[in-house]
Amino acid sequence: IAPYQVVLIDIKDKMILESLKNNKIRFIVDDKKKPAKEKTDYWTLMGIPIMAVKDKNMVRLIRRDTSEEISTNKNLLLKEIIKTLSSIQNNLHKKAKDFNKKYTTKADSWEEFKDIALTEGGFIEAFWCGNQECTKEIRELKKYSARVINPSTSTKKCIHCDKKAPYSATFAPAY
């Protein structure tokens, strides 16, 4: 999580600062004597989600996630920042879900689990008993370990030992 949601580049308007503070938007003002391009490059590397750059009588918002630029006037700045932060959150959440879906495979048997781990890699979802012996043998297979463990009411069996599996787990290799 970025410590700041917005950097205000060469913007010192007290009304803007106060409205951001009142809306609990974490921000920082960058008024160093450097060119705006140098400042935006720096803040991009720092991972700030939105850069608000003074641009004559307007303010230019730059989204770090898409590099999209939006021009707005000072009166609409707060509204645009709130809307853009929400859009960034939704965009990053969708990307994470898509990534997870693309790189997660379900395994219903130990043979299938081993085949996925040794050929495809990525995350593997499987039912698991929680037993230390199973954990040890799963870990020996390309250093896979349980990363997400959810209680399960399913009647499914453990991926490794065929005992009752009270958990549904997502396994991934350690690097």
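The values are calculated or read from the model by the stated rules, or taken from the named source; none is laboratory data. Because the structure is predicted, anything quoted here is derived from the model rather than measured. Every residue, glycine among them, receives a Cβ derived from its backbone with ideal geometry; neighbour counts consider all protein chains shown. Areas reflect the complete protein model, heavy atoms only, side chains present, ligands, DNA and RNA absent. Shrake-Rupley method; radii C 1.70, N 1.55, O 1.52, S 1.80 Å.
Confirm whether E133 is open to solvent by 20 Å² or more (accessible area, probe 1.4 Å), of a type in the set (D, E, K, R) and touching a Cys at 6+ places or on another chain (Cβ under 9 Å).
yes
Among the hydrophobic types (A, V, I, L, M, F, W, C) and either within 30 Å of I16 (Cβ to Cβ) or open to solvent by 100 Å² or more (accessible area, probe 1.4 Å) (or both): does that describe L141?
In short, no.
If I ask for residues that are of a type in the set (D, E, K, R), surrounded by 11 or more Cβ atoms within 10 Å (Cβ to Cβ) and farther than 16 Å from R60 by Cα, which ones from segment 19-31 would you list?
K21, R26
Within segment 148-159, can you find the residues that are within 15 Å of K106 (Cβ to Cβ) and either open to solvent by 40 Å² or more (accessible area, probe 1.4 Å) or not polar (S, T, N, Q) (or both)?
V148, N150, K156, K157, C158, I159
For residues in segment 89-107 being surrounded by 11 or more Cβ atoms within 10 Å (Cβ to Cβ) and among the hydrophobic types (A, V, I, L, M, F, W, C), which is farthest from A169 (Cα to Cα)?
L92
I'd like the full set of residues that are of a type in the set (D, E, K, R) and closer than 16 Å to I116 by Cβ, limited to segment 136-170.
E137, R139, E140, K142, K143, R147
Quick one: T40 ticks every box in (1) outside any loop (DSSP other than H, G, I, E, B); (2) at pLDDT 95 or above; (3) over 30 Å from K163 (Cα atoms); (4) not aromatic (F, W, Y) bar one, so which box is it?
Of the numbered conditions (1) outside any loop (DSSP other than H, G, I, E, B); (2) at pLDDT 95 or above; (3) over 30 Å from K163 (Cα atoms); (4) not aromatic (F, W, Y), the odd one out for T40 is (2).
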